[in-house]
Every structure is written in C-alpha cells, then in structure tokens.
1. Take the stretch B:75-84 and flag every residue that is surrounded by fewer than 20 Cβ atoms within 10 Å (Cβ to Cβ) and without any contact (Cβ under 8 Å) to a residue 40 or more places away in the chain.
2. Near ligand 2 (Cβ under 10 Å from one of its atoms), within 9 Å of chain B (Cβ to nearest Cβ), surrounded by 11 or more Cβ atoms within 10 Å (Cβ to Cβ) and on the phi < 0 side of the Ramachandran plot, is that true of A:L69?
3. Answer with yes or no whether A:V90 is away from every other protein chain (no Cβ under 11 Å) and either assigned to a helix (DSSP H, G or I) or touching a helix residue (DSSP H, G or I) at 6+ places or on another chain (Cβ under 8 Å) (or both).
4. Only one residue in A:Y61, A:Y78 is touching a Ser or Thr at 6+ places or on another chain (Cβ under 7 Å) and within 9 Å of chain B (Cβ to nearest Cβ). Which one?
5. Is it true that B:N58 is within 11 Å of another protein chain (Cβ to nearest Cβ) and more than 20 Å from the chain's Cα centre (by Cα)?
6. Are any of the residues in the stretch B:102-109 of a type outside the set (V, I, T), at the interface with chain A (Cβ under 9 Å from one of its Cβ atoms), touching a residue at least 40 places away in the same chain (Cβ under 8 Å) and in contact with a Phe, Trp or Tyr (Cβ under 8 Å, 6 or more places away or on another chain)?
7. Can you pull out every residue in the stretch A:93-127 that is crowded, with 17+ Cβ neighbours inside 10 Å and within 8 Å of chain B (Cβ to nearest Cβ)?
Amino acid sequence: MASIVASIWEGITYRGREGHWAWLLHRVSGLGILLFLALHIVDIYLIGVGKEIFEAFLFFYHSAPFKVLVMGLLFGVYYHAFNGVRIILVDFWPERFSNWKTQRLMFRVVIVLTLLAFIPSAIATVAPLFNLHMPWWNH
Amino acid sequence: MALKTRTRSYGSPNRFEVASWYFMRVSGAALLVLAVFHLFYMHVIAGVDAITFEWIVNERWNGPLGMFWRTYDLALLLFALLHGANGARWVIDDYIHGRGANLAVKSALYVLTAILILMGMQVIFTVPLHSQQTALSALVTALGR
Ligand code: HEM
Ligand code: HEM
C-alpha cells in the first residue's frame, strides 16, 4: 500500500516539463473517461428496462451539478484524443517528431485543438440552463 | 508513452504486450472519430435536451439511419471499453506490484469489463426494430436515402 502511494506521489511530484504534465493528464483523463463510460453503459442499458426508470436517470444528467462533471469529461475526452494523436506520431515517426522543439510545439497544438473543441461543446452544454437555444436545435 | 519509460513489473514484452501496444494505437485512431464525434453530436449538433427515451428509441435506433447508429454505437462500445480496460491494466501494473493484489484488481477489472460489454450489446440488439422492418430492410432503406 505504502509503495502504491509512493509511486503515485512520485508521478505527481516528478519535476518534468510539458512532457510530464502531458503524460499525467493523459493518464488521469483516460481513467476518468473509463469511469464515466461504466456509468454511461448502465444508464443506456436502462432504455431496455423501461421508460420511467431511464427518464429518472436522465433527470440526474440534466442537473446543474452534473454538468460540472460533464465539463471535465468534455475537456478530458478532447485532450486525451488529441494528445493520443501526438503520442502516435512520436511513436511511429520518431525521426520526424521526437526532437524537443517539435514536441513542445505539438503539445501547444494539442492544447489549442482541445480548447477549440471544448469551448463550443461547453457553451452548448450550459446553454439550456440559461434558456439559450442553438438555431439548429429542433426541440 | 513516448516521453517517459514505462516501468512494468508484470507483463513481459511478449507477443501479447506488443499486440496490446499496437491495439492501443489502432483503437485510439478509431476512437478519435467515434468518441469525439459522439460527444460533439450529442452536445453541439443535437443538444443534450433533445435526449429523451423516445428520441433514442424512435429516431436514433429506428430512424432512417437506425442501423447505421446501432453499428456505430456497437463499434464505439467495443473500442472504448477494450481500449480503456487495457489502459487501466497498464496503470494497475505500474502501481500495484504485490502479486496477489495485482491479480485480484486485474481480475475485478476483467469481470467488470465483460459485464459492461454484455450489457451494452444487449440493449443495442434488443430494442425492437419498428414495424416489420428487419435489420436488412432497414439497412437497404438507410443506404437508399
Ligand atoms: C478519443 C480518442 C483516443 C485516442 C486517440 C487515444 C489514444 C491513446 C493512446 C495512444 C494511448 C497509449 C498511451 C501510452 O502508450 O502511454 C492511450 C492510453 C489510454 N487510454 Fe486512450 N485514446 C482515446 C480514447 C480513450 C477512451 C475513450 C478511453 C476510456 C474509455 C481511454 C482510456 C485510456 C487509458 C486508461 C489509457 C492508459 C493511460 C496510461 O497508460 O497512462 N482512451 N490512449
Ligand atoms: C455527457 C456526454 C454523453 C452523452 C450526453 C451521451 C449520450 C448518449 C446517448 C443518447 C446514447 C444512446 C444511443 C444513441 O443515441 O446513439 C449513447 C450511447 C453510447 N455512448 Fe454516449 N454520451 C456521452 C458520452 C460518451 C462517451 C465519453 C463515450 C465513450 C467513452 C460514450 C460511449 C457510448 C456508447 C459505447 C454507447 C452505446 C451504449 C450501449 O450499447 O449500451 N458516450 N450516448
């Protein structure tokens, strides 16, 4: 137990630069998405059980506190996805992508792409709380 | 990942480990489309308030693209769960070194993953197809549009 805590602590406090934060965030986001996915499969499963029970669960999804968690999920998925592409590029074409300047540039590109996907999704997610409606929504 | 050497006490670099390394990259590429578009579709294109029991059953899983979305959801289910579970296996090997504890936690992970795959497949396959539509005729209709 002590050794588990120690190695996790080392992972957090290890003093690297972007590369270390990129790695830590990739790991935390991957585990977080997996946790959400487990809950999500249970909630979609309820469609087969019955309308009442599914909608009772949906109520929870539409609540404001849950939307805070959804913000984390949206950021996590977009980050993990774009950073995953960065990892794949470095692994398969190291001669092209593994020098530190390219790495640092790519990390910044990952952050920009993450924000570009995250911001519209986050706005759309909280819009109903403020009675805002995107023109193309038909509900 | 590329920037930090993985220290792993279990899972020697045998053929399975190499395959699992490639699987993470291939499934990651698939998920880049499947998971990102799923999230973007639900939040930005449809809007989360559109999500109701009727919408999922009648429009997503029985609409003109019903068969397409069921297949899409099945692919997302399998790729996301297997990728996520394999990733969690790596993390467990990184942190839990005691033989018994390592085996116990990984066994729990495998059992949970299997249950979730079965639950996910069960709902995709058993939500009824409307009218006399068969899977085949739904596919033909979808392709015909
Ligand atoms: C959206 C597209 C995705 C891409 C491009 C992607 C890519 C990757 C790659 C390349 C790795 C290997 C990293 C390494 O070797 O250190 C990885 C690890 C991982 N992924 Fe994904 N992934 C995606 C989605 C997901 C999803 C949906 C989940 C959860 C269900 C997930 C959970 C994980 C976990 C838990 C790890 C292990 C992290 C670690 O070892 O630190 N990923 N991902
Ligand atoms: C809050 C964010 C999310 C919302 C609102 C959402 C919404 C939905 C809805 C309405 C369905 C029903 C089927 C359909 O209409 O296609 C569904 C199914 C599914 N979603 Fe999501 N989703 C979210 C996030 C995610 C994420 C992050 C993943 C992957 C890691 C994911 C994976 C799946 C899978 C695998 C299914 C099929 C489930 C089954 O077979 O039981 N979803 N989602």
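We did not get these values from a lab; they are worked out from the coordinates using the rules stated. Just so you know, these numbers come straight off a predicted model, no measurement behind them. For neighbour counting, all protein chains shown are included, and Cβ atoms are generated from backbone atoms with ideal geometry for every residue, glycine included.
1. Scanning the stretch B:75-84 gives a single hit, B:L78.
2. Details: near ligand 2 (Cβ under 10 Å from one of its atoms): yes; within 9 Å of chain B (Cβ to nearest Cβ): no; surrounded by 11 or more Cβ atoms within 10 Å (Cβ to Cβ): yes; on the phi < 0 side of the Ramachandran plot: yes.
So A:L69 does not fit the description; no.
3. On the way: away from every other protein chain (no Cβ under 11 Å): no; either assigned to a helix (DSSP H, G or I) or touching a helix residue (DSSP H, G or I) at 6+ places or on another chain (Cβ under 8 Å) (or both): yes.
Criteria not met by A:V90.
4. Details: A:Y61 fails: touching a Ser or Thr at 6+ places or on another chain (Cβ under 7 Å).
None of the other options fit; the residue is A:Y78.
5. Values: within 11 Å of another protein chain (Cβ to nearest Cβ): no; more than 20 Å from the chain's Cα centre (by Cα): yes.
Considered against the rule, which asks whether it is within 11 Å of another protein chain (Cβ to nearest Cβ) and more than 20 Å from the chain's Cα centre (by Cα), B:N58 comes out as no.
6. The initial filter retains those residues of the stretch B:102-109 that are of a type outside the set (V, I, T), namely B:102-104, B:106-109.
From what is left, the residues that are at the interface with chain A (Cβ under 9 Å from one of its Cβ atoms) are none.
The answer is no; no qualifying residue exists.
7. A:Q103, A:A117, A:S121, A:A124, A:T125, A:A127 - these are the residues of the stretch A:93-127 that are crowded, with 17+ Cβ neighbours inside 10 Å and within 8 Å of chain B (Cβ to nearest Cβ).
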